[in-house]
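The values are calculated or read from the model by the stated rules, or taken from the named source; none is laboratory data. Just so it is clear, the structure is predicted and the values come from calculations on it, not from any experiment. Please note: Cβ atoms are built from the backbone with ideal geometry, for glycine as well, and neighbour counts cover all protein chains shown. These accessible areas exclude ligands, DNA and RNA; they are computed on the full protein's heavy atoms, side chains included. Shrake-Rupley method; radii C 1.70, N 1.55, O 1.52, S 1.80 Å.
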Amino acid sequence: MSNASDPRLADYANLRDVELRKSLEAEHGLFIAEGEKVIRRAVAAGYPVRSVLLTRRWADPLADLLDPLGDRVHVVDDDVMEEIAGFPVHRGALAAMERRELTGTDEILRGAARRVLVLEDLVDHGNVGAIFRCAAALGVEAVILSPRCADPLYRRSVKVSMGAVFAVPYARMTNWYDGLAELRAAGFQTLALTPDQSAAPMDEVAMAARVALLLGSEGDGLSSRWLHEADHPVCIPMSPAAMDLGVDSLNVVAAAAIACHGLMRGSSADPAHRRG
């Protein structure tokens, strides 16, 4: 295939146009997986493949996945791939995948999860993907998104997470205003992460059997409503010397990694707890 405007490649159009892609992917119920590892993880997680677009050198490494797809495999030269995508695709392969029906928050809250993250209005797709990777690596069992959070299945989220968005169950709230009441009714203790150093250090808070850790947006952090409604505001203690120099907080991904580690303290999903 040598024509970047071939209608069979419509799923891959305008990959750099975030707003257009969000509209197109919602309309057609699809998302894009990039790179062999991520494509394999999406397939292993049960997402159906609509088509695969790849450069020639990736035809053999992906042969076992490609053979059943027949004419839904589109092999192109590197320059055509870059023209279609609008950027160099360093991992050499893209797959258009079918979305599945999203899990409801009630299903997650009724389930067995004991440690969950709740993301309020994180709008950067890369940050959302990185936080999913932290959650998966450290044993967090589910993620709940506020209505305005970025889409975990947007291409950049999937890429940054290295497929971790397929490993951690997640749901999107339909009612932000009463979201914490819903968590509390399901038996979750709610901890609101804040840079405010007057809050209790996270590693000193007694944790209940079920805990939800709230993380706020990249710029403003958690809303005042969620901060006030949470059972406990908690912080990651900062170095006083750093504070004196004006370094008074961490970016949201670094904070999420540290907080996820602290969240797992003493839980049944904590490897140290299991060894004990």
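What is the spin-label model distance, in nm, from Arg56 to Lys37 if the labels are put 7 Å beyond Cα along the C-beta direction?
Rounded to a tenth, the inter-label distance reads 2.7 nm.
Just checking my list (i) 33, 28, 19; (ii) 53, 19, 16; (iii) 38, 19, 18 against semi-axes √(5λ) of the Cα gyration tensor in Å computed from this structure; which label fits?
Label (iii) holds the value from this structure.
Please give the contour-minus-distance gain from Arg225 to Asp79: 0.36 nm per residue of separation, less the Cα-Cα distance, rounded to one decimal in nm.
Taking 0.36 nm per residue and subtracting the Cα distance, the gain is 47.5 nm.
Just to confirm my numbers, what's the Cα centroid distance between the range 172-238 and the range 1-44 in Å?
Value for the Cα centre distance between the two parts: 35 Å.
Given the Cα-Cα distance of Ala254 and Phe87 and 0.36 nm per residue of separation, how much length would full extension add, in nm?
57.4 nm
Could you tell me the center-to-center distance, by alpha carbons, between the range 134-156 and the range 97-129 in angstrom?
Rounded to whole Å, the Cα centres lie 5 Å apart.
Can you give the calculated 222 nm mean residue ellipticity of the chain, where each DSSP H run of n ≥ 4 adds -39,500 (n - 2.57) and the sum is split over every residue, rounded to the nearest 500 deg cm²/dmol?
-9000 deg cm²/dmol
Count the DSSP beta bridges whose two residues both fall in the range 1-131, then state the antiparallel fraction as a percent rounded to the nearest 5. Could you put the intermediate results ahead of the total?
On the way: 10 of 14 bridges.
Percent antiparallel among DSSP bridges in the range 1-131 is about 70.
As an exercise, use a Förster radius of 41 Å and the Cβ-Cβ distance of Arg265 and Asp178 to find the FRET efficiency, rounded to the nearest 0.05. Display every interim value, and only then the final one.
Numbers: r = 29 Å, r/R0 = 0.70.
Once the sixth-power term is evaluated, E becomes 0.90.
Looking only at His28, His125, His74, which one moves most when the chain is put into a Gaussian network model with springs between Cα atoms under 10 Å?
His28
Angle, helix 125-138 long axis vs. longest principal axis of the chain, Cα atoms, 0 to 90°, nearest 10?
Helix 125-138 and the main axis of the chain meet at about 70 degrees.
For a protection proxy built on the mean count of beta-carbon atoms within 10 angstrom, sort 135-148, 164-177 highest first, please. Each step should come with its number before you reach the end.
On the way: 135-148: 20.9, 164-177: 18.3.
Most protected by this proxy first, the peptides run 135-148, 164-177.
Of the heavy-atom accessible surface of the chain (probe 1.4 angstrom), what whole percent is carbon and sulfur? Kindly include the intermediate steps, with their values, before the conclusion.
On the way: 6680 of 13060 Å².
Carbon-and-sulfur percentage of accessible area, whole number: 51.
Which FRET efficiency, nearest 0.05, do Glu27 and Thr103 yield, Cβ-Cβ r, R0 30 Å?
After rounding, the FRET efficiency stands at 0.90.
Angle, helix 252-263 long axis vs. longest principal axis of the chain, Cα atoms, 0 to 90°, nearest 10?
Between the helix axis and the principal axis of the chain, the angle is about 60 degrees.
Out of Pro201, Pro240, Pro88, any idea which swings most in a Gaussian network model of the chain, alpha carbons joined below 10 Å?
Of Pro201, Pro240, Pro88, the most mobile in the Gaussian network model is Pro240.
As a test, work out the antiparallel percent of DSSP beta bridges whose residues both lie in the range 117-276, rounded to the nearest 5.
5 percent
Go ahead and collect, in residue order, the members of the range 140-165 whose backbone nitrogen is under 16 Å from a label point 7 Å along the Cα-Cβ direction of Val123.
Within reach of a label on Val123, which here means backbone N under 16 Å from a point 7 Å along Cα→Cβ, the range 140-165 contributes 146-152.
Can you list residues whose amide H is under 5 Å from Arg210's amide H, if they're 5+ apart or on another chain and H is modeled 1.01 Å from N?
Gln189
For Arg8, what charge total do you get from the other residues with a beta carbon under 10 Å from its beta carbon, if Lys and Arg give +1 and Asp and Glu give -1?
On the way: positive: Arg72; negative: Asp6, Asp11, Asp71.
Taking every Cβ under 10 Å from that of Arg8, the sum is -2.
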